[in-house]
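*Asks:* Sharing a structure with you now.
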Amino acid sequence: MKAEELSDLDPFDLFDTEAERLDAYFSSLRGEEWLRPSRCAGWTIRDVLGHLAGEELYNHACLDGDIAGFYQMLRREGVAGGYRGFNEWCVARRRDLPVEQVLEEWRTANRDTRTRMRALGRDAMIDTSVGKYPNGLQAFHYASEYATHADDVDAPVTPEEQEARTAWRARVGRFVLTERHSPVVVEPINGRYRVSVGQVSDELSASELVAATVDRLPADHRLDPTLRESLVVLA
């Protein structure tokens, strides 16, 4: 699937929608509700917020053209373990802060990220950890991540928006599979998807395909381990 096949989708609108969904949900939480476990192993809902707030350091470094400075900051802070190590550091350093402070940190920084990305437009090139990358495609990645985390914390999705939301997430997942040169072949068939690697194949619903690409399929799902591994590109 080529990037041009996403041209009818507005990545900035999708990113806004998922950020606003999270903001509305986070704003509704009180007291012990923040400590409920999320779908992210070992993380509470509050930890997911801490992750999102900390991640804005990377997002702003991309927009500022200062990825080198971002990595220098990580070295100064003693952060090791790649992106997973960065995620855990973001969460850990915010666990003792008032949750209202963390929420405002994320809300302010993310609003700035979304405003700046929309102003740049989808064809602008920005710095990322893998080099220069189209701003619009980066927004698709962010929108997908935010949708995943919204589901992780059980932020409400109305029945009216569910089908279209699943559809765009499946399309973005298919594009990223191509972008990452995954060996899996994904073919739309009568509203479902046939996924194949060599002689191994199966059929998935759109929601199952989305879950597979973001590594959120249930542990007991029937999908062959080779297919499961090959489909994970947005986790």
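The values are calculated or read from the model by the stated rules, or taken from the named source; none is laboratory data. Predicted model, so just to flag it, every value in this text is computed and none were measured. Virtual Cβ from ideal backbone geometry, glycine too; neighbours counted across all protein chains shown. Calculation scope for accessible area: heavy atoms of the full protein, side chains included, ligands and nucleic acids excluded. Shrake-Rupley method; radii C 1.70, N 1.55, O 1.52, S 1.80 Å.
*Asks:* Filter the range 160-193 down to the residues that are outside any helix (DSSP H, G or I) and basic (K, R), then identify the one that is nearest to L209 (Cα to Cα).
*Replies:* Checking each candidate, the answer is R192.
*Asks:* OK, next. When the range 185-235 is examined, which residues are found to be open to solvent by 70 Å² or more (accessible area, probe 1.4 Å), in contact with an Asp or Glu (Cβ under 8 Å, 6 or more places away or on another chain) and modelled with pLDDT of 95 or more?
*Replies:* R192, R194, R222 - these are the residues of the range 185-235 that are open to solvent by 70 Å² or more (accessible area, probe 1.4 Å), in contact with an Asp or Glu (Cβ under 8 Å, 6 or more places away or on another chain) and modelled with pLDDT of 95 or more.
*Asks:* In this structure, does D47 turn out to be touching a residue at least 40 places away in the same chain (Cβ under 8 Å), of a type in the set (D, E) and on the phi < 0 side of the Ramachandran plot?
*Replies:* Values: touching a residue at least 40 places away in the same chain (Cβ under 8 Å): yes; of a type in the set (D, E): yes; on the phi < 0 side of the Ramachandran plot: yes.
Criteria met by D47.
*Asks:* Something else about it: Any residue at all in the range 116-133 that's assigned to a helix (DSSP H, G or I), open to solvent by less than 30 Å² (accessible area, probe 1.4 Å) and in contact with a strand residue (DSSP E or B) (Cβ under 6 Å, 6 or more places away or on another chain)?
*Replies:* First, the residues of the range 116-133 that are assigned to a helix (DSSP H, G or I): 116-120.
Then drop every residue that is not open to solvent by less than 30 Å² (accessible area, probe 1.4 Å), which leaves 117.
With in contact with a strand residue (DSSP E or B) (Cβ under 6 Å, 6 or more places away or on another chain) added as a condition, the list becomes none.
The answer is no, given that none of the residues of the range 116-133 is assigned to a helix (DSSP H, G or I), open to solvent by less than 30 Å² (accessible area, probe 1.4 Å) and in contact with a strand residue (DSSP E or B) (Cβ under 6 Å, 6 or more places away or on another chain).
*Asks:* Could you count how many residues in the range 1-37 are open to solvent by 40 Å² or more (accessible area, probe 1.4 Å), more than 17 Å from the chain's Cα centre (by Cα) and more than 19 Å from A170 (Cα to Cα)?
*Replies:* 10
*Asks:* When you look at D8, is it modelled with pLDDT of 95 or more, in a loop (DSSP other than H, G, I, E, B) and out of contact with any His (no Cβ under 6 Å at 6 or more places or on another chain), yes or no?
*Replies:* On the way: modelled with pLDDT of 95 or more: yes; in a loop (DSSP other than H, G, I, E, B): yes; out of contact with any His (no Cβ under 6 Å at 6 or more places or on another chain): yes.
So D8 fits the description; yes.
*Asks:* Let me ask something else. Could you list, in sequence order, all residues of the range 146-159 that are open to solvent by less than 40 Å² (accessible area, probe 1.4 Å) and in a helix (DSSP H, G or I)?
*Replies:* First pass over the range 146-159, keeping only residues open to solvent by less than 40 Å² (accessible area, probe 1.4 Å): 146-150, 152-153, 155, 157.
Residues satisfying the conditions are Y146, A147, T148, H149, A150, D152.
*Asks:* What's the total number of residues in the range 53-93 that are of a type in the set (G, A, S), assigned to a helix (DSSP H, G or I) and farther than 25 Å from R116 by Cα?
*Replies:* 3
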